[in-house]
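> Take this structure, written in structure tokens, and hold onto it; I'll ask about it next.
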Amino acid sequence: MTHEDDVYFNIDSRLLLQLGEKLVTNRAVALAELVKNSYDADATHTLVSLANIKNPGGTIIVEDNGTGMSLSIFKTNWMRIATIDKEKNPITQKYKRQKSGEKGIGRFACRRLSNILKIKSVAVTEEGHKEELNAFFDWTAFTPGSDVDKIPVKYTTKPVDDNTPTGTTLILVDAKDFWSAWDIRRLRNELTDLISPTTFKSEQEFEPVYGEYDPGFNMDFDCSEFPKKEEKLDESFLKNAWAKLSGNVDENGIATYEIKVLNKVLNDISKSHKCTESFQYLRNAKLEISFFVYKSPFFKSSEWVSSKAAEIGRKRGGIRVYADKFRVFGYGEKGDDWLKVDYDRGRSKGGVNEEVSDYLEVDDRPGLHLFMNRAMFGHVMFIKSSNKKLEITVNRERLIDNEAFEDLRKFVRLAVDFATVLYANEVRKKLDLEDRAKEVEEEERKKAEEELKRKTEELREKAEEQARKAEKERKEAEERAKKAELERKKAEENLRKAEEERRRAEIERRKAEEEKRRKTDEIAGKRLEEALKNENERLEAEEEARRIEEVRRRKEKEIRLKAEGERKRAEEIRLVEFEDLRKNEDELRKLKDEEFKRKEEKYEREFLQLRVLASTGTSVLILNHELQALVDAMEEMDENFSSIIQKMPGNERLVHDEIQMSFSNRIEMVKEFGSFVGLTVGGESRLEKKEWVISPIAESVFRPFKWYLHEFGIDYNITLPDNLRSLKMYRSELVSVLFNLLSNAIKAIKGTNDRRIEVTGFEEDDFIYIWYLDSGKGLDKNRWEIVFEPFETYSEPDFKFGVGTGLGLKIVHDIIKSYGGNVQFIDPPDGWKTCVEIILPKRD
């Protein structure tokens, strides 16, 4: 006999396990679903708070000011698995929002996070009064093998005053996982980015008016055990971008882009592009991207510095995806390369999408300038109702990889390629201009040098010609002077002879007068007359000779004055010409000195790099450009370890927690060590001299080795005055000095019972003093000077700092001496075994 009847599906409690722990694996996704439920309840504010979560058993609270759940909604929606309420009623009643939650994942997210759930909700009943609902879920009661519909959930209801605000509070008690600082930092960032930045304004003030408009939605996060927050990337950060690009796909699938340069490379650019072909599977999507170039010129007038911005980019850069008003997790996170920009850039792929290749102005490989994830901060948002094929996976962590997702990827990647082409144009043109400017500058310098040489040579030849002419005129003047001297002597001789003749005539006249007196005869008288006549003739001759002599002396004086004037004029001309020549030679020498100085500065920088490399050789060889990739990989491993450990039994979990904590400490140490390498070889450290406050630099030298010092029981103390500054020097040199003395001190105290290091300092007169003290083995006084010689070492090998090369103290000595200072061993104060004293002048 045939028996016919109906049979029905029965639901095992294991389903809740599958939908909770197995389906929602990401804790951030679980909390995000609860926040979305608040949004769907027309809340304007949600607070997520965590307490006592460093160990399992903590409490998580999600509190909102939405419309709450009435008892009827609680029974028909919350307590019904896989309800279709949001499909039947996709729009909220109060603010007419498109509901974001799907498939009832929120309640299973609660099971994923804790063992117990308490619900407190205030809502308006159908009769128009307010009622408080309290429900209690013990998820451990839903054991596999039991029927879900046979396990009771306790609840109570009670009327409340009509002034009581509506809203829902979910209290998740006995949290299943513990949360580390890294977990909280990641959760805080993910929840902060949960809400679309193009839809709501953070922290906006509003006065809700029922049915008129949506006042917005915001969320706060509180965790007193880990209060530290990431710096907010507001406009003060984003304004340092090279350019900002916006784009949208309209209802017909046509994409348009518009880019505006904020900080130009060469030109201010404002361009737009409209795609020639439409997207087949993408409609009503928008994007905004800020493109960064981590170079100092882009941060000149900013409170941010390029190195800090680059670090932010490595941690938080990327393009995030939003469906309607909420984020789709996974995209734009650290290590995610959904646009394949890092992949293409890492393989030097040079091409870009043909759609924007016409914008390329130079024959270059623009892909070499492709913006990587760390250089982009942005988001793309699509409307789900217009993009049915853009489906989120069941675990809410990604989008299903199909042709619609490929269109979304192309839409965003085309924006990146568009910006890349424009940036590549600017970089190429700037390089070309700089090259041309250098060529013009070099050509002008050569022309100026040649012109100076030519002019100098002409002046030299002219000056020499003037000198020869003046010398010739001087010789002619001397010849004329000699001739005049001979004529003078000749005239003097004639005068002397005339005077002798006159004297003889005088004698004859006197004799004649005497004779006339004795004789009165006619003959005597004639002789007298003749003598008088002769005397008169002689007087006339003497007078004539005197007149000739006066004329000669006057002419001689005129010749001498003329010759002296000509000599002075020639000398003045020669001095002027030689002064011009000296000036031109000085200018030429200055040009040569400047060229020599440029070469000298170049050699100095090269020598500095070699000197710094010698002092940090081991660390630079280990921590090269792969360091950041290593840290990223270690952090990802740490996160994976955390997830694995949470699934271990209690005792085994405690053991592995300690191992993971040690691993996390090592990660922080490696990151600090990377920062230390940056201090040593970074651009600012080796290219610019400054007066440095010594204390924070000393701290930065010790910081990477804190774990190492703690492991070996080494105490250190830095007691440098806060205002103690060095003279102008390269930071890398100061770091090298402090690091080499630190490595020597550590090696000196290894193996001793008393392990202490102290760095102290003071000012006295026009000098600053730095003392490096250690309680190690000490150094024999007869070695105090020889250890500063190269390759002289007496330190013990160390696994961290290696075997001493004997160059450390030599480098310290050379750096300090180059600034007019001194470094030496001195008698240490009481309680110490070694003291190295550094003396530096206060200023150059």
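The values are calculated or read from the model by the stated rules, or taken from the named source; none is laboratory data. If you're wondering where the values come from, they're calculated on a predicted model, not measured in any experiment. Every residue, glycine among them, receives a Cβ derived from its backbone with ideal geometry; neighbour counts consider all protein chains shown. Only protein heavy atoms, including side chains, enter the accessible area calculation; ligands, DNA and RNA are left aside. Shrake-Rupley method; radii C 1.70, N 1.55, O 1.52, S 1.80 Å.
> Being on the phi < 0 side of the Ramachandran plot, at pLDDT 70 or above, within 54 Å of the chain's Cα centre (by Cα) and charged (D, E, K, R) is true for just one of 597, 562, 533, 568. Which residue is that? First the steps, then the outcome.
On the way: 562 fails: within 54 Å of the chain's Cα centre (by Cα); 533 fails: within 54 Å of the chain's Cα centre (by Cα); 568 fails: within 54 Å of the chain's Cα centre (by Cα).
Testing whether each residue is on the phi < 0 side of the Ramachandran plot, at pLDDT 70 or above, within 54 Å of the chain's Cα centre (by Cα) and charged (D, E, K, R) leaves just 597.
> Take residue 302 and decide whether it is at pLDDT below 90, surrounded by 14 or more Cβ atoms within 10 Å (Cβ to Cβ) and over 30 Å from residue 401 (Cβ atoms). Steps first, please.
On the way: at pLDDT below 90: yes; surrounded by 14 or more Cβ atoms within 10 Å (Cβ to Cβ): yes; over 30 Å from residue 401 (Cβ atoms): yes.
It is true that residue 302 is at pLDDT below 90, surrounded by 14 or more Cβ atoms within 10 Å (Cβ to Cβ) and over 30 Å from residue 401 (Cβ atoms).
> Same structure again: List the number of the failed condition for residue 476; all other conditions in (1) modelled with pLDDT under 75; (2) surrounded by fewer than 13 Cβ atoms within 10 Å (Cβ to Cβ) hold.
Of (1) modelled with pLDDT under 75; (2) surrounded by fewer than 13 Cβ atoms within 10 Å (Cβ to Cβ), only one is false for residue 476: (1).
> Out of all the residues in segment 387-404, is one or more within 19 Å of residue 28 (Cβ to Cβ), out of contact with any Leu (no Cβ under 8 Å at 6 or more places or on another chain), open to solvent by less than 60 Å² (accessible area, probe 1.4 Å) and at pLDDT 85 or above?
Initially, segment 387-404 is screened for residues within 19 Å of residue 28 (Cβ to Cβ), giving 392-399.
Applying the additional criterion that residues be out of contact with any Leu (no Cβ under 8 Å at 6 or more places or on another chain) yields 396-398.
Now restrict to residues that are open to solvent by less than 60 Å² (accessible area, probe 1.4 Å): 396-397.
Cutting the leftovers down to at pLDDT 85 or above gives us none.
No; the residues of segment 387-404 include none that is within 19 Å of residue 28 (Cβ to Cβ), out of contact with any Leu (no Cβ under 8 Å at 6 or more places or on another chain), open to solvent by less than 60 Å² (accessible area, probe 1.4 Å) and at pLDDT 85 or above.
> Also, quick follow-up: Give me the pairs, please: first residue somewhere in segment 497-524 and modelled with pLDDT under 80 and assigned to a helix (DSSP H, G or I), second residue anywhere and open to solvent by less than 100 Å² (accessible area, probe 1.4 Å) and acidic (Asp, Glu), beta-carbon distance under 6 Å, and either six or more positions apart or on two chains.
Listed pairs, sorted by first residue: 498/542; 502/542; 505/535; 509/535; 524/515.
> Condition (residue is among the basic types (Lys, Arg), in a helix (DSSP H, G or I) and over 23 Å from residue 365 (Cα atoms)) applied to segment 409-417: is it met by at least one residue? Even if it seems obvious, please write down each step before you answer.
Going residue by residue through segment 409-417, those that are among the basic types (Lys, Arg) are 409-410, 413.
Then drop every residue that is not in a helix (DSSP H, G or I), which leaves 409-410, 413.
When the remaining residues are screened for being over 23 Å from residue 365 (Cα atoms), the result is none.
No - not one qualifying residue is present in segment 409-417.
> Another question about this same structure. Take residue 481 and tell me if it is at pLDDT below 85 and surrounded by 15 or more Cβ atoms within 10 Å (Cβ to Cβ). Don't jump to the end; show me each part of the working.
Values: at pLDDT below 85: yes; surrounded by 15 or more Cβ atoms within 10 Å (Cβ to Cβ): no.
So residue 481 fails the test.
> Now for a separate question. When segment 710-769 is examined, which residues are found to be acidic (Asp, Glu) and either surrounded by fewer than 23 Cβ atoms within 10 Å (Cβ to Cβ) or in a strand (DSSP E or B) (or both)? Explain how you work it out, then say what you get.
Step one: of segment 710-769, the residues acidic (Asp, Glu) are 711, 715, 722, 733, 754, 758, 763-766.
Residues satisfying the conditions are 711, 715, 722, 754, 758, 763, 764, 765, 766.
> If the requirement is being under 24 Å from residue 425 (Cβ atoms), among the small types (Gly, Ala, Ser), at pLDDT below 90 and open to solvent by less than 50 Å² (accessible area, probe 1.4 Å), which of these qualifies: 330, 346, 350? Explain how you work it out, then say what you get.
Values: 330 fails: under 24 Å from residue 425 (Cβ atoms); 346 fails: open to solvent by less than 50 Å² (accessible area, probe 1.4 Å).
Result of the check over 330, 346, 350: 350.
Residue-wise test of (1) open to solvent by less than 80 Å² (accessible area, probe 1.4 Å); (2) hydroxyl-bearing (Ser, Thr, Tyr); (3) modelled with pLDDT of 80 or more.
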site	(1), (2), (3)
417	yes, no, yes
424	yes, no, yes
449	yes, no, yes
459	yes, no, no
464	no, no, no
469	no, no, yes
